[in-house]
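In what follows, a single structure is set out as structure tokens and then discussed.
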Amino acid sequence: MATEILMPELGESVHEGTVTRWLKDIGDAVKEDEPVVEIMTDKVNTELQAPASGILVKILVPEGENVQVFQPLGLIGSESEAVDGGAPPVSQTPSAQPKTALETPAPAASPAPAMKAGNGRKFYTPVVRSIASRQGISEAELSNIQGSGEGGRVTKRDVEAFIASRGKVQHVESKPAAQPISAGPDQEVFVLTGMRKAIAEAMVKAHQIPSVSTICEVDCSRMVAFRTANKQSFQEMYGVKMTYTPFFVKAATEALLEVPQVNSAVMDDGRVIQNRGVHMGIAVALGDGSQGLIVPVLRDCHKKTVIEIAKALDELVLKARESRLVLDDLQGATFSITNPGTYGALFGTPMIPPHQGGILGTYAIKDTPVAMDGMIAIRPIMHLVLSYDHRIIDGMVAGRFLKSVRERLESFDFFR
């Protein structure tokens, strides 16, 4: 039986992609784990590997067309299946019954083989299961959907029709019909697509986290003086510009190791993951910022020096702005940093990325009058803002973390 090449879930909030290029033609031999098709999404471009060895017997989604997560892209089978045009895929045909058995209605006393999985429950394809999960469709509701596919199989179209009909029944009396929106003479109406749609979905999910923000001020005198004196020699010696971000990353990393509760996260099933390593998500604005925001991951920060962090960060930001990020660059962050201070922002409350316990916002460094030893002095002051998941992090813990970050930045002992 043929094996489906399924569109995987390429990161948080990515629900579809575009087939940019098939690396194999129909009839070509493929080996398991060999790249077979290129996929482009709003966040990453990647090659998908063959799930099995055999012959590419059918291409279901041609180049240039969109594909949903868990939707089949093509079929891999044997040489005989290539001649026959492809056998039913294994994920859609759990029983080895001949086709005639699928087309003949089963007696009332025994269920149709093609409709049952090995445990006796009805079989549904991954895309149907995914839609049902997102829409809150129960197993009982699924079993009542009349399938239009082969052997009575429930298809994506069947589920979408059920959702549409269910919505009408539930809301016909309580919700008035949506009025069409028309643009005025100085307006434009459009729908969220691509990167903006992905960001919107991620922010809705982030909004569900019960977060609190705590703020502190940092005297950046030593850090500013060091950068002013060494930024040119640093670039000549190490080949990257000296920015403040590597110092923020290093200070936050050491603080996370000191206060590990902030390096934790609540998972979807309610369990808490405590991370020993620090993999820092770095918010990067694409282009001039109008193209959206992406959060690639700077891995193993707990093993890196400030110089190593600066080099890795420079490479990661360049990949993001040139759209060269791969899937691994976007997954596995344990904590995040966002730096709106680059654009002059003085203060804000960042939103926590899903599956993380907190995010640190670093804001503009501004000359500010401060009271010191009974006198007024001018110092470069920055606001640090920590947004954290209050289910696992209390105010005292958040305060300890911010104090640790502040002391490291103010003492500026990174090169000693």
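The values are calculated or read from the model by the stated rules, or taken from the named source; none is laboratory data. Only a predicted model underlies this, so the values are computations on that prediction, with no experimental measurement involved. Glycine also receives a Cβ, built like all others from the backbone with ideal geometry; neighbour counts cover every protein chain displayed.
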Q: Inspect all residues belonging to the stretch 311-331 and state whether any of them is at pLDDT 90 or above and acidic (D, E).
A: yes
Q) Within the stretch 345-398, restricting attention to residues that are polar (S, T, N, Q) and assigned to a strand (DSSP E or B), which residue is farthest from Q261 (Cα to Cα)? A) T368
**Q.** Out of R299, R276, R222, sole residue that is among the basic types (K, R), surrounded by fewer than 21 Cβ atoms within 10 Å (Cβ to Cβ) and over 22 Å from the mean Cα position of the chain (by Cα)
**A.** R222
Q. Among the numbered criteria (1) buried (at least 18 other Cβ atoms within 10 Å of the Cβ); (2) in a helix (DSSP H, G or I), which single criterion is violated by T342?
A. (1)
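Let's see how each residue does on (1) over 23 Å from V405 (Cβ atoms); (2) among the hydrophobic types (A, V, I, L, M, F, W, C):
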{"position": "T228", "(1), (2)": "no, no"}
{"position": "M237", "(1), (2)": "yes, yes"}
{"position": "M242", "(1), (2)": "no, yes"}
{"position": "P246", "(1), (2)": "no, no"}
{"position": "V249", "(1), (2)": "no, yes"}
Q: Return a yes/no flag: does the stretch 50-57 have any residue that is out of contact with any Ser or Thr (no Cβ under 7 Å at 6 or more places or on another chain), modelled with pLDDT of 80 or more, surrounded by fewer than 17 Cβ atoms within 10 Å (Cβ to Cβ) and assigned to a loop (DSSP other than H, G, I, E, B).
A: yes
Q | Boolean, F401 is hydrophobic (A, V, I, L, M, F, W, C) and either surrounded by fewer than 17 Cβ atoms within 10 Å (Cβ to Cβ) or not in a helix (DSSP H, G or I) (or both) | A | no
(Q) If I ask for residues that are of a type in the set (V, I, T) and surrounded by fewer than 16 Cβ atoms within 10 Å (Cβ to Cβ), which ones from the stretch 17-49 would you list? (A) T20, I26
Q) Any residue in the stretch 157-174 that is modelled with pLDDT of 80 or more, farther than 30 Å from P72 by Cβ and not assigned by TED's automatic domain parsing to the domain that holds T41? A) no
Q: Just one of (1) more than 27 Å from Q235 (Cβ to Cβ); (2) small (G, A, S); (3) crowded, with 16+ Cβ neighbours inside 10 Å trips up A310, so point out which.
A: (1)
Q: Please specify each residue of the stretch 317-334 satisfying the condition of being crowded, with 18+ Cβ neighbours inside 10 Å and either among the acidic types (D, E) or under 21 Å from G358 (Cα atoms) (or both).
A: D329, L330, A333, T334
